[in-house]
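Scroll down for the structure; my scribbles are underneath it.
The values are calculated or read from the model by the stated rules, or taken from the named source; none is laboratory data. Because the structure is a prediction, the values reported are computed rather than measured. Virtual Cβ from ideal backbone geometry, glycine too; neighbours counted across all protein chains shown.
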Amino acid sequence: MVDQALVDFFDSLEEADSLVLSDSSLMKNYGKQSVCLVRGSGVWVYDADGNAYLDFLSGIAVASLGHAHPKVAAAVAAQAEKLVHVSNIFATEVGPKVAAMLNRLILTGMPNKVNGRVFFANSGAEVNEAAIKLARKYGLERGRFHIITALGSFHGRTMGALSATGQRSKQAPFEPLLPGFSHVKWDDVGAIEDEINDHTIAIMLEPIQGEGGVVDPSPGYLPAVRELCDRRGLLLIMDEVQTGMGRTGAWFGFQHHGILPDIVTVAKALGSGVPIGACWAREDVAEAFSAGDHGTTFGGQPLAASAALATIREMIQIDAPGRAAELGKLFDKNLEGKPGINRLSGSGMLRGVQLVAPVAKRVSELCLERGLIVNPIGDNTIRLAPPIIVSASQIDHACDILVEAIGEML
Ligand SMILES: Cc1ncc(COP(=O)(O)O)c(C=O)c1O
């Protein structure tokens, strides 16, 4: 018998104020939300009252093709009508194509003899968990499990990824952490070398520290780390969760440095917002996983994989990396040397506007009031990560708003 009280409660939600409901029903792990977004199109998102916002955050570097991209939407809709999910007991049509394409993109410019394999999961943290487990399994027979990461890094919130993350404030409330991690000074290859011991198996780094404040490495750092890994028999894991899929002006951030990691993790933009992540590893490293070693129910399922396949196809067609590199220059042109701005960091469509004063939060609020979404990191940094399909005039317009907002705080 139908429970009419449940039906009535369900129907009452239609009328509920989403901000009030959000405040009363969700855990308080995110800051207070002041705007409820109901719709998006390209670089624009809209609230329930029809107010439009230029989205220069892209759901934190996710919507690289913009919101509601028609080709991604069509691919997901078609797949939803065909087959959403089975299980990893069966092969499916879409996931392996995404894996083959990712392998190709990661190996851009590499000799043909190199090859790799992919494990799919659903988020950045999960693919980093996979990378950590794969590295440990790879090192098992030699008693190696220790992983070195950088201070200021961010690798996710699950216990393994959090243990890898080099930020005490995020770790402290959740101790004890997973043992077997060290965090050393970023951009200092000597600090890594000093930390290596007989149990060390891998170095794990972002090519640009995203959550840490869009912090660039010096030009020689990543090649030197690669050389160190080769010399000491260690794996190099690159966390490309934020930087991958064209955002920095190359398919992957490590490609700016002419190196190839042993393990690469990707998520965020891969599915244009449909949750999917991938952990890629060089063939001989990937072989460390035998049947049953690792898994996840949804990993590589057809619906998410269809979003990723459509995303990759479109990114190739618009030359997403080239576009990000070219348009990224407009940020330098518009923002470099402006009052209140110390310097710009990052590259392509992942930029940090480093402010001279600790006013990032207030600046982002002023931008929001003027219809522009940007993201404060810490006190002094505004992160810009617009969709890669953004137009030159939209960048100019956003920069005008940002400069004005910063000017108001001086
Ligand atoms: C470099 C990096 N790694 C991992 C993560 C975690 O990804 P997710 O939030 O999808 O778990 C993030 C998220 O911001 C990230 O920037």
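For Pro223, indicate whether it is under 29 Å from Leu327 (Cα atoms), more than 16 Å from the ligand (Cβ to nearest atom) and in a helix (DSSP H, G or I). Spell out how you get there, then give the answer.
Working: under 29 Å from Leu327 (Cα atoms): yes; more than 16 Å from the ligand (Cβ to nearest atom): yes; in a helix (DSSP H, G or I): yes.
Taking the combined requirement at face value, the residue satisfies it.
Sort through Ser272, Ser290 and tell me the only one that's polar (S, T, N, Q) and either within 29 Å of His69 (Cβ to Cβ) or in contact with a helix residue (DSSP H, G or I) (Cβ under 8 Å, 6 or more places away or on another chain) (or both). Can you show your working first?
Numbers: Ser290 fails: either within 29 Å of His69 (Cβ to Cβ) or in contact with a helix residue (DSSP H, G or I) (Cβ under 8 Å, 6 or more places away or on another chain) (or both).
Result: Ser272 is the single residue among Ser272, Ser290 that is polar (S, T, N, Q) and either within 29 Å of His69 (Cβ to Cβ) or in contact with a helix residue (DSSP H, G or I) (Cβ under 8 Å, 6 or more places away or on another chain) (or both).
Can we say Ala286 is surrounded by 22 or more Cβ atoms within 10 Å (Cβ to Cβ) and at pLDDT 95 or above?
Numbers: surrounded by 22 or more Cβ atoms within 10 Å (Cβ to Cβ): no; at pLDDT 95 or above: yes.
In short, no.
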Looking only at the stretch 107-162, count every residue that is within 10 Å of the ligand (Cβ to nearest atom) and not aliphatic (A, V, I, L, M) and tell me the total. 12
Tell me which residues, restricted to the stretch 111-170, are over 14 Å from Val285 (Cα atoms) and acidic (Asp, Glu). Glu126, Glu129
Cβ-Cβ under 8 Å, sequence separation 6+ or interchain: first residue in the stretch 56-81 and in a helix (DSSP H, G or I), partner among the basic types (Lys, Arg) and more than 16 Å from the ligand (Cβ to nearest atom). Which pairs? Lys71/Arg313
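Take the residues in the stretch 226-249 that are outside any helix (DSSP H, G or I) and away from the ligand (no atom under 16 Å from the Cβ); name whichever of them is farthest from Ile377 (Cα to Cα).
Restricting to residues being outside any helix (DSSP H, G or I) and away from the ligand (no atom under 16 Å from the Cβ), the top hit is Gly233.
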Taking the stated definitions as given, is Asn103 surrounded by fewer than 23 Cβ atoms within 10 Å (Cβ to Cβ), within 16 Å of the ligand (Cβ to nearest atom) and assigned by TED's automatic domain parsing to the domain that holds Asp284? no
Select the helices (runs of 4 or more DSSP H) contained entirely in the stretch 123-200, then report the ones holding at least 3 residues which are under 23 Å from Ala278 (Cβ atoms). 124-139, 159-164
Can you pull out every residue in the stretch 274-286 that is away from the ligand (no atom under 11 Å from the Cβ) and touching a strand residue (DSSP E or B) at 6+ places or on another chain (Cβ under 8 Å)? Ala278, Cys279, Trp280, Ala281, Arg282, Glu283, Val285, Ala286
Quick check on Gly31: is it closer than 21 Å to Ser18 by Cα, within 16 Å of the ligand (Cβ to nearest atom) and in contact (Cβ under 8 Å) with a residue 12 or more places away in the chain? no
Only unsatisfied item for Asp194, checking (1) surrounded by fewer than 17 Cβ atoms within 10 Å (Cβ to Cβ); (2) under 24 Å from Pro376 (Cβ atoms); (3) not hydrophobic (A, V, I, L, M, F, W, C), is (2)
Do you know which residues across the stretch 318-347 are among the hydrophobic types (A, V, I, L, M, F, W, C) and in a helix (DSSP H, G or I)? Ala320, Ala324, Ala325, Leu327, Leu330, Phe331, Leu335
Of a type outside the set (Phe, Trp, Tyr), crowded, with 24+ Cβ neighbours inside 10 Å and within 13 Å of Ala135 (Cβ to Cβ) - does that describe any residue in the stretch 249-261? yes
Candidates Ala398, Ala392 - the one that is touching a strand residue (DSSP E or B) at 6+ places or on another chain (Cβ under 7 Å), modelled with pLDDT of 95 or more and among the small types (Gly, Ala, Ser): Ala398
Are any residues in the stretch 352-395 charged (D, E, K, R) and under 27 Å from Gly244 (Cβ atoms), and if so, which ones? Arg383
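Residues in the stretch 260-272 that are part of a loop (DSSP other than H, G, I, E, B) and within 11 Å of the ligand (Cβ to nearest atom): how many?
Residues in the stretch 260-272 being part of a loop (DSSP other than H, G, I, E, B) and within 11 Å of the ligand (Cβ to nearest atom): 1 in total.
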